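Asker: What follows is a single structure, and I will ask about it in a moment.
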Amino acid sequence: MGGGKPDYSWAELMAVVLARDFRDGELAMAGGARSEVAVAACLLAQHLHAPNLTLITTGLFVNPHPKALCFSGPDYRYHRGCEAFGSFYDVFELSENGKLGFFCYNGIQMDKYGNVNL
């Protein structure tokens, strides 16, 4: 381990670390603006060790197969090749029933008064 610059970005490292937490058979929701890391983590987990992990983007696209990661979860390009379309009712029901294992959303912004903007 030299002191040189790694050949991966901080976002790629975050996606790998997060992907390790997903388990086969779980249901995860990922999205919002700047959702590439969370979506990449879910897709990586599906590819490596959790083929039955279900991903729902905040655009309500179930298990998309994008050609490239999109800036935002609701991006229309996630609908291509997805298995189904969900509704917000589905998301609320799944979260109330404890079936939603992960909800990954972009980071919060806080102003100097403690006001939060997701």
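Asker: For a quick check of your reading of the filter: which trypsin sites (Lys or Arg not before Pro) in segment 48-92 sit in a DSSP loop and have no more than 13 other Cβ atoms within 10 Å?
Answerer: On the way: sites: 67, 77, 80; in loops: 67, 80.
The qualifying sites are 67, 80.
Asker: Quick check: convex hull of the Cα atoms in segment 42-109, volume per residue, rounded to a whole Å³? Display every interim value, and only then the final one.
Answerer: Numbers: hull volume 7.4 nm³, N = 68.
It comes to 109 Å³ per residue, whole-number rounded.
Asker: Let me ask something else about it. Which value in nm describes the separation of the simple spin-label points at residue 20 and residue 99, placed 7 Å from the Cα toward the beta carbon?
Answerer: 3.0
Asker: Only four residue types carry charge here, +1 at the Cβ of Lys and Arg and -1 at the Cβ of Asp and Glu. Report the dipole size of the chain about the Cα centre in Debye, rounded to the nearest 20. Present the calculation step by step, with values, prior to reporting the outcome.
Answerer: Working: 9 positive and 12 negative charges, 61 e Å.
Computed charge dipole of the chain: roughly 300 debye.
Asker: Give the accessible surface of segment 23-118 per residue, rounded to a whole number of Å², with probe radius 1.4 Å and ligands, DNA and RNA excluded.
Answerer: I get 61 Å² per residue for segment 23-118.
Asker: Roughly how many percent of the accessible protein surface of segment 3-100 is carbon and sulfur, given a 1.4 Å probe and a whole-percent answer? Before the final figure, lay out each step's value.
Answerer: Details: 3380 of 5910 Å².
In segment 3-100, the share of accessible area belonging to carbon and sulfur is 57 percent.
Asker: Hey, got a sec? Which chymotrypsin sites (Phe, Trp or Tyr not before Pro) in segment 22-118 land in a DSSP loop and have at most 14 other Cβ atoms within 10 Å?
Answerer: 71, 113
Asker: Among the GluC sites (Glu not before Pro) within segment 10-116, which fall in a DSSP loop and have no more than 13 other Cβ atoms within 10 Å of their own Cβ? It would help to have the intermediate numbers written out before the result.
Answerer: Values: sites: 12, 26, 36, 83, 93, 96; in loops: 26, 83.
For GluC sites (Glu not before Pro) across segment 10-116 that sit outside H, G, I, E and B with at most 13 neighbouring Cβ atoms in 10 Å, the list reads 83.
Asker: Would you grab the residues whose amide H sits under 5 Å from the one on residue 86? Only those 5+ places off in sequence or on another chain, please, with H modelled 1.01 Å from N.
Answerer: 61, 62
The values are calculated or read from the model by the stated rules, or taken from the named source; none is laboratory data. Please read all numbers here as calculations on a predicted model, not as lab measurements. Note: ideal-geometry Cβ built from the backbone for every residue, glycine included; neighbour counts use all protein chains shown. Heads up: the accessible areas ignore ligands, DNA and RNA and are worked out on the full protein's heavy atoms, side chains in. Shrake-Rupley method; radii C 1.70, N 1.55, O 1.52, S 1.80 Å.
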